[in-house]
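The values are calculated or read from the model by the stated rules, or taken from the named source; none is laboratory data. Everything numeric in this text was worked out from a predicted model, so none of it was measured. Here the Cβ is made from the backbone with ideal geometry for all residues, glycine too, and neighbour counts use every protein chain on show. Only protein heavy atoms, including side chains, enter the accessible area calculation; ligands, DNA and RNA are left aside. Shrake-Rupley method; radii C 1.70, N 1.55, O 1.52, S 1.80 Å.
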Amino acid sequence: MLRLLSCGITLASCLGAAIAPKPADVVAELQHATLDATQTYRVRDLQLSRGDIRLYLTDGMLSFITPIAGHTVAAVFTIAGSDTGDAEVLVLPPQRSERASLASFTNSPNLDEHVTSVLLLFSDDTASELLDQIGKAPVRKAPASAAELGPKVNTAVEEVLSQVDVRLVGSLFDNHAPAAGFFYALCVGRTLGNFDALYEPAEFEPVSVGRLGATADGKPSFQLWTSFRPRRAPPFVPPPVRIAAYRIDTTIRPDLSMTATARFQFTSVPADGRVLSFAMSEKLRVLSARIDGTPADVFQRNSPRASEVKSPGTFLLVAAAPLAPGQPHNVEITYEGSVIRQTGKGVYFVDERSTWYPTSGAMLADFDLTFRCPEHLRVVSTGEPVSEQVAAGVRVVRRKTQVPEHLTGFNLGEFEIAEDPRARYRVECFSESAAPLEDPRQILQQTENILDEYTRRWMPLPIHSVAVSPVPGYFGQGFPGLIYLSNLSYLRQEDRPAQLRNPRLDIFFSEMLQIGRAHV
């Protein structure tokens with residue numbers, strides 16, 4: 001579930017699907033967004049309800065942010081200058097587990113917090129709803145208040161808008177219905193301090209509350225207090241799979257940086273308008289893109305908050321004209337960056353194992369993968385082996401899936417390979433030659449036994465090849481046809497660090513991470 005603070009949600013305009021100027025023009029407006037003196041009011045008793053989030057603006061000043069490309073997407077409420085100023089945020093999780101989660105952070109199963117200020121970002125009809133309430137109430141405009149608070153507030157507004165500018169730019173090019181828009185409140189509480197409340201109706205759990213905090217060692221980390229589906233929400237409808245026929249051509253340079261070109265088919269929906277949104281590691285930067293052979297504008301910006309919570313970055317492709325819905329469009333994206341690092345002599349680590357290529361929502365695609373790397377390295381990935389050759393110091397490896405997969409991964413290193421061509425499945429065991437290893441053939445045999453046992457119990461796998469490869473660390477991870485196995489599982493038990501030698505850890509590294517032995 002992607003969240004706004006991790007740059008994972010798609011903002012949209014609250015006033016329809018007008019064609020906006022180029023992304024660069026919109027960014028220029030974002031960089032100069034301020035309180036709008038002509039839309040600043042002294043208000044009382046305004047209310048907003050989104051899912052199970054209730055916001056009561058009891059007494060204070062409400063100022064909309066200057067429109068961005070003609071669209072109102074933000075507002076600020078503050079009690080500054082009012083002796084009786086107050087506002088309240090109420091969130092009542094319906095599930096016992098979520099109430100317990102909320103209580104673990106706030107000491108209360110329900111959130112009932114009085115706040116001194118709120119920054120609202122929205123892509124639904126929040127602007128029109130607030131203006132409608134203002135028009136029916138005895139309120140007065142307060143342009144002088146905007147001028148007075150501007151120097152204090154505008155800097156903070158610009159900072160927050162810059163952190164979500166990719167989503168805001170996308171909102172001005174898409175074509176979603178207002179009812180599908182989001183509502184996001186950044187609150188300053190009297191007791192809890194800063195916290196965020198988000199309502200995004202397209203998500204399985206539309207309501208979430210939390211804040212940006214820090215781990216015990218001081219590293220930034222987002223604290224998700226609660227996340228749930230509202231009481232009266234309709235049944236969740238998963239979004240359609242939109243990406244197919246995925247090809248990636250990747251070159252890994254001697255310094256371990258990489259450049260890649262991803263080509264795939266993308267089926268547009270009416271809400272897309274001119275913009276397509278993708279997630280990818282922020283360690284990678286898009287160089288160019290085409291949609292149906294025509295160059296597309298690319299907008300990508302690193303978000304400080306997204307980096308802090310270690311979430312995939314988001315970038316946009318903006319077409320020259322609205323995309324025909326219901327039809328597959330050919331997309332080509334060229335990008336570069338570094339997602340691989342060397343952790344020791346002959347030992348390598350892929351940092352971004354599932355975000356090294358562009359994704360968009362749920363995927364189920366055939367993958368055709370080509371890797372070029374220095375000759376001394378070996379690459380293994382999702383898919384059946386197609387070819388591998390070496391020429392002029394460059395190793396070229398191609399693998400291709402036989403059935404559609406939800407994701408793809410790869411690993412590389414200075415590997416030795418053990419395999420048994422006589423087995424039911426083609427099993428490859430990749431191992432690092434520098435470590436005091438168990439015989440890799442034992443891991444190979446264990447994997448074959450497990451696959452045979454699972455096939456006997458259920459049915460044959462739809463794939464024919466499975467590769468087991470080491471990953472530095474105390475964990476394992478699985479991709480279709482590719483298993484990351486902790487390098488500690490490759491070590492003989494007597495060669496593992498002393499603190500990792502006990503019956504419980506022996507079972508973990510020698511059995512559990514190896515998918516369980518066949519006799520279990």
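For the range 448-465, taking the residues that are among the β-branched types (Val, Ile, Thr) and open to solvent by 10 Å² or more (accessible area, probe 1.4 Å), the one that is modelled with the highest pLDDT is identified as THR455.
Looking at the structure I just gave you, is SER171 closer than 30 Å to VAL286 by Cβ, modelled with pLDDT under 90, small (Gly, Ala, Ser) and out of contact with any strand residue (DSSP E or B) (no Cβ under 8 Å at 6 or more places or on another chain)? Against the criterion (closer than 30 Å to VAL286 by Cβ, modelled with pLDDT under 90, small (Gly, Ala, Ser) and out of contact with any strand residue (DSSP E or B) (no Cβ under 8 Å at 6 or more places or on another chain)), SER171 does not qualify. Looking at the range 10-19, is at least one residue in contact with a strand residue (DSSP E or B) (Cβ under 7 Å, 6 or more places away or on another chain), modelled with pLDDT of 50 or more and crowded, with 19+ Cβ neighbours inside 10 Å? No - not one qualifying residue is present in the range 10-19. Being farther than 17 Å from ALA185 by Cβ and at pLDDT 95 or above is the requirement here; does SER145 meet it? No; evaluated as a whole, the condition is false for this residue. With respect to being touching a residue at least 60 places away in the same chain (Cβ under 8 Å) and under 16 Å from ALA467 (Cα atoms), THR401 fits the description. Each residue in the range 276-295 was checked for being free of Cβ contacts under 8 Å to residues at least 60 places away in the same chain, of a type in the set (D, E, K, R) and either in contact with a Ser or Thr (Cβ under 8 Å, 6 or more places away or on another chain) or open to solvent by less than 40 Å² (accessible area, probe 1.4 Å) (or both), and 1 of them qualify. Against the numbered list (1) outside any helix (DSSP H, G or I); (2) among the acidic types (Asp, Glu); (3) touching a Leu at 6+ places or on another chain (Cβ under 8 Å), GLU129 comes up short only at (1).
Which residues, taken from the range 132-146, are open to solvent by less than 70 Å² (accessible area, probe 1.4 Å) and within 19 Å of LEU35 (Cβ to Cβ)? Within the range 132-146, ILE134, VAL139, ALA142, PRO143, SER145, ALA146 meet the criteria. Out of curiosity, is ALA100 surrounded by fewer than 16 Cβ atoms within 10 Å (Cβ to Cβ), of a type in the set (A, V, I, L, M, F, W, C), on the phi < 0 side of the Ramachandran plot and in contact (Cβ under 8 Å) with a residue 24 or more places away in the chain? Here the answer is no, as ALA100 does not meet what is asked. Being under 19 Å from PRO240 (Cβ atoms), in contact with a helix residue (DSSP H, G or I) (Cβ under 7 Å, 6 or more places away or on another chain), crowded, with 20+ Cβ neighbours inside 10 Å and touching a residue at least 12 places away in the same chain (Cβ under 8 Å) holds for only one residue in LEU316, LEU323, and it is LEU323. For the range 265-286, give me the residue count where each residue is assigned to a strand (DSSP E or B) and within 20 Å of the chain's Cα centre (by Cα). So the count comes out to 10. Just checking, how many residues over the range 406-418 are open to solvent by 60 Å² or more (accessible area, probe 1.4 Å) and either touching a helix residue (DSSP H, G or I) at 6+ places or on another chain (Cβ under 9 Å) or on the phi > 0 side of the Ramachandran plot (or both)? Residues flagged as open to solvent by 60 Å² or more (accessible area, probe 1.4 Å) and either touching a helix residue (DSSP H, G or I) at 6+ places or on another chain (Cβ under 9 Å) or on the phi > 0 side of the Ramachandran plot (or both) within the range 406-418 amount to 2.
Looking across the range 331-385, the residues that are in contact with a His (Cβ under 9 Å, 6 or more places away or on another chain) and either open to solvent by 30 Å² or more (accessible area, probe 1.4 Å) or not in a loop (DSSP other than H, G, I, E, B) (or both) come down to ALA362, LEU364, ALA365, GLU384. Being part of a strand (DSSP E or B) and either at pLDDT 85 or above or within 31 Å of the chain's Cα centre (by Cα) (or both) holds for only one residue in LEU412, LEU407, and it is LEU412.
With respect to being at pLDDT below 95 and either of a type outside the set (A, V, I, L, M) or out of contact with any Pro (no Cβ under 8 Å at 6 or more places or on another chain) (or both), PRO312 fits the description. Scanning the range 79-120 for residues that are more than 22 Å from ARG190 (Cβ to Cβ) and among the hydrophobic types (A, V, I, L, M, F, W, C) turns up just one, ALA100. Would you check if THR34 is touching a Cys at 6+ places or on another chain (Cβ under 9 Å), touching a residue at least 24 places away in the same chain (Cβ under 8 Å) and within 22 Å of SER123 (Cβ to Cβ)? In short, no. Checked against the criterion of being in contact with a Leu (Cβ under 7 Å, 6 or more places away or on another chain), outside any strand (DSSP E or B) and open to solvent by 70 Å² or more (accessible area, probe 1.4 Å), the range 236-255 has at least one qualifying residue.
When residues in the range 388-405 are screened for being open to solvent by 60 Å² or more (accessible area, probe 1.4 Å) and under 18 Å from CYS429 (Cα atoms), 2 of them pass.
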